[in-house]
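The values are calculated or read from the model by the stated rules, or taken from the named source; none is laboratory data. Nothing here was measured: the structure is a model prediction, and the numbers come from that model. Positions of Cβ are backbone-derived with ideal geometry, glycine not excepted, and every protein chain shown enters the neighbour counts.
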Amino acid sequence: MKHVLIPTKLDKVAKDILTAKGYAVVQDAETDMATLAQQHPETEALIVRSEKVTPAIIDALPNLRTVVRAGAGYNTIDIKYARRKNVDVMNTPGANANGVAEEVFAMALAAYRHVVPADVDTRKGGWEKKKFMGRELTGKTLGIVGLGNIGQLVAKHSYGFDMKLLAYDPVVSESKAQEYGAKLVGLEQLFSEADIITLHIPENDETRGMVNKRLLSLVKKGAMLINCARAGIVNEDDIRAIKAEKELLFCTDVFPADEAGPKPVADIADVMLPHLGANTKEANFTAAKRAAEQIVAYFESGVNTYVVNKGIPDDLNENYQQLAYRLALIARSYIGRGTPVRQIRCSFYGELSKFSKWFYSPICAALSEHFEFQQDPEEALRYLQEKGIGFELRNADESKRYGNSMTIDLESGAKVVSLRGTITENNLMVSRLNDFDHVYFVPRGNAFIVEYCDRPGVLSMITRACGDADINIEDIHAPRDSEAKHAIAILKTSKPVPPEMVEAVGKEVNAKVAFTVNLS
Ligand SMILES: NC(=O)C1=CN([C@@H]2O[C@H](COP(=O)(O)OP(=O)(O)OC[C@H]3O[C@@H](n4cnc5c(N)ncnc54)[C@H](O)[C@@H]3O)[C@@H](O)[C@H]2O)C=CC1
Ligand SMILES: O=C(O)C(=O)COP(=O)(O)O
C-alpha cells in the first residue's frame with residue numbers, strides 16, 4: 001500500500017481517487033508540514049500547493065519518491081536537493097491557469113471601475129459619481145508578458161473586449177503568438193505601448209526584479225500593471241518612485257510570503273488579493289484531480305512526464321548535458337535574447353547519438369530559464385511544439401569522424417547560428433562557431449564575443465575598452481573566417497561587460513554581432 005501525505009487545502013477529489021486505488025492518504029491542512037513529516041515517515045508521495053518543501057522536510061521522509069505541486073510554480077520546492085535524494089518533483093501545468101486568467105480581468109475591471117472603494121463609500125452612505133469616474137477595457141492595448149498556459153488564456157478571454165494584444169515571450173514564435181491574436185514585441189515596446197501590462201512568467205534568476213525603474217519609466221501615463229505571477233518579479237520600490245508621476249495603477253495577487261499580517265505594498269497597490277489566482281473551486285478541483293492521477297500513473301505505470309527534475313542514464317557523462325546547454329546558450333545570445341527562435345537543428349555524434357534525447361531539456365533550459373535542465377525529454381519536445389519552435393534531430397554523419405561531439409544550430413527569422421563542441425581532457429570545448437573553425441574555447445565564466453570585418457587594430461580597440469573599464473581579460477581566442485573576411489573575438493572576462501559597453505564597443509568596431517553570455 002502506498003502512503004500519500006497532503007498537508008494542504010486541496011479538493012477532496014485527490015484523496016478520493018487515491019483511496020479508491022487502495023492508497024493510504026493523510027490529508028491535514030491545519031498541522032504544519034514539519035510536524036506532519038515527523039508523524040508520517042512512511043510517506044512515499046507528497047502533494048503540496050505553495051508550502052515550502054525544504055531539505056529538512058525531504059530528509060524527514062526517508063521513503064519519499066515523489067512530490068507533486070498541485071499547481072504551476074515550483075519555486076517553493078528545493079528540486080535540486082530532491083534530485084540528490086532521488087525524489088521526482090512534478091507539477092500539474094495548466095491545471096489552475098484559467099483561475100488566474102479570469103482573475104486578471106477581475107482585477108483590471110475592479111481597478112478601472114473603482115469597485116472596491118466605490119462599494120465601501122456607497123455602504124457608508126456616499127454617492128460619489130464624479131470621484132468614481134471609470135475607464136473601459138474595450139479597445140485598450142493589453143501587453144502579456146509570458147505567453148504560456150495563463151498568458152494564452154488571458155489572450156483568449158480578452159477577445160470580447162476587442163483589445164489590441166501585444167506579447168513578450170522569448171521562446172514563443174511569431175506564428176504561435178498570432179494564433180492567439182497577439183503581436184510579438186520586445187519587452188520595452190510592450191511596456192511603452194500597453195495600457196494594461198499583465199505578468200505571467202515564473203520567478204527565477206532571469207526574471208527576478210525584471211520590472212524595474214528602466215521598464216517602468218517607459219509606461220504610458222495612466223497605465224496599469226497586474227502581477228498575478230510572483231512578487232519578486234517586480235521591484236516595488238521602483239513602482240513607488242514613479243506611481244504618482246505616471247498615475248500607474250498596480251494590482252497584485254502575490255507577496256514575498258503567503259501569510260497574514262501588514263503588507264508593505266499596500267500604499268502602492270490599487271487592488272491586492274491574498275494569492276487568490278488559483279483559488280477557485282474549479283482550479284482547485286482540476287489541480288487536485290491531476291495531482292492524484294499523476295501519482296497513480298507514476299506508481300502504477302512509471303509515467304514521469306511531468307517530472308521537472310529528471311535524472312539521466314548512468315552511462316551518460318552529465319558534462320555532455322552541460323555542453324549542450326552552453327552551446328545553446330551561446331547560440332541564443334548570438335541571436336539576441338529578445339529575438340524569438342524559430343528552428344533548432346542538432347546532431348549528436350559518436351556515443352552521444354544514443355543519448356540524443358537527454359540533450360533536449362538542457363537545450364530548452366538555454367532558451368528559457370524557466371525550463372528546468374532536468375525535465376523529461378518528452379516535456380522538452382512538447383514545450384518546443386507548444387511554443388511553435390521547430391526541432392530537427394539530424395542523422396549524424398559518422399564518416400566525419402567527429403568523435404563524441406555535438407552540433408547545435410538555432411535559427412531566428414534573420415539569423416542562423418551554428419556551434420559545435422566536444423569534451424577533451426574533461427574540459428568542455430566549443431570547437432566551431434558558424435564558419436569559424438578551431439575556436440577551441442572553454443565555455444565557462446563571463447564571455448564577451450564580438451564578430452567584425454577583419455582588419456588591423458580591431459582586437460586592440462576591444463581589449464583597450466576592457467582595460468579602460470577595469471575588466472581583466474582572462475583568455476582570448478580570435479579565429480578568422482578567411483572566406484567571409486570576418487573575425488570573431490571571444491574573450492573571457494574577469495567580470496561581466498555591462499550592456500552600455502557592449503553597445504559602445506559594437507559601434508566603435510562596426511561589429512556584425514556583439515554580445516555577452518554568462519557561462520558560469
Ligand atoms: N497567482 C496565482 O495563484 C498563480 C500564479 N502562477 C504564476 O504564474 C506563472 C506562469 O504560469 P503558467 O502560465 O501556468 O506557466 P507556463 O509555464 O505555462 O508559462 C510561462 C511562460 O513564461 C515564459 N517566460 C519564461 N521566462 C520568461 C521571460 N524572462 N520573459 C518572458 N516570458 C518568459 C515561458 O516561455 C512560458 O511561455 C507561474 O510560474 C507562477 O509563478 C501560476 C498559477 C497560479
Ligand atoms: O500554481 C501556482 O503557481 C500558484 O501560484 C497557485 O498557488 P496556490 O496553489 O494557490 O498556493
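Remarks
- Checking Ser217 against (1) touching a strand residue (DSSP E or B) at 6+ places or on another chain (Cβ under 9 Å); (2) under 26 Å from Glu136 (Cα atoms); (3) in contact (Cβ under 8 Å) with a residue 24 or more places away in the chain, the condition it does not meet: (1)
- Test for Glu44: is it away from ligand 2 (no atom under 16 Å from the Cβ), assigned by TED's automatic domain parsing to the domain that holds Thr8 and modelled with pLDDT of 95 or more: yes
- Residue match in the stretch 110-129 (condition: on the phi < 0 side of the Ramachandran plot, in contact (Cβ under 8 Å) with a residue 40 or more places away in the chain, part of a helix (DSSP H, G or I) and within 16 Å of ligand 2 (Cβ to nearest atom)): no
- When Val115, Val87, Val171, Val67 are screened for being within 10 Å of ligand 1 (Cβ to nearest atom), surrounded by 15 or more Cβ atoms within 10 Å (Cβ to Cβ), not acidic (Asp, Glu) and not assigned by TED's automatic domain parsing to the domain that holds Gly336, only Val171 passes.
- Residues that are surrounded by 18 or more Cβ atoms within 10 Å (Cβ to Cβ) and in the same structural domain as Gln322 (by TED's automatic domain parsing) number at least 3 in the following strands (runs of 3 or more DSSP E) confined to the stretch 405-520: 405-411.
- Filter result (among the hydrophobic types (A, V, I, L, M, F, W, C), surrounded by fewer than 17 Cβ atoms within 10 Å (Cβ to Cβ) and out of contact with any His (no Cβ under 7 Å at 6 or more places or on another chain)) within the stretch 3-42: Ala20, Ala29, Ala34
- Residues of the stretch 253-271 that are closer than 30 Å to Ala14 by Cα and out of contact with any helix residue (DSSP H, G or I) (no Cβ under 6 Å at 6 or more places or on another chain): Asp253, Ala257, Asp258, Glu259, Ala260.
- Candidates Thr35, Thr8, Thr19: the one that is hydroxyl-bearing (Ser, Thr, Tyr) and part of a loop (DSSP other than H, G, I, E, B) is Thr8.
- Test: Ser301 is without any contact (Cβ under 8 Å) to a residue 12 or more places away in the chain and either of a type in the set (Phe, Trp, Tyr) or more than 21 Å from Met224 (Cα to Cα) (or both): yes
- Every pair of residues 6+ apart whose Cβ atoms lie under 9 Å, when the first sits in the stretch 227-255 and is in the same structural domain as Ala110 (by TED's automatic domain parsing) while the second is among the basic types (Lys, Arg) and within 16 Å of ligand 2 (Cβ to nearest atom): Arg230/Arg208; Gly232/Arg208; Ile233/Arg208; Val254/Arg230
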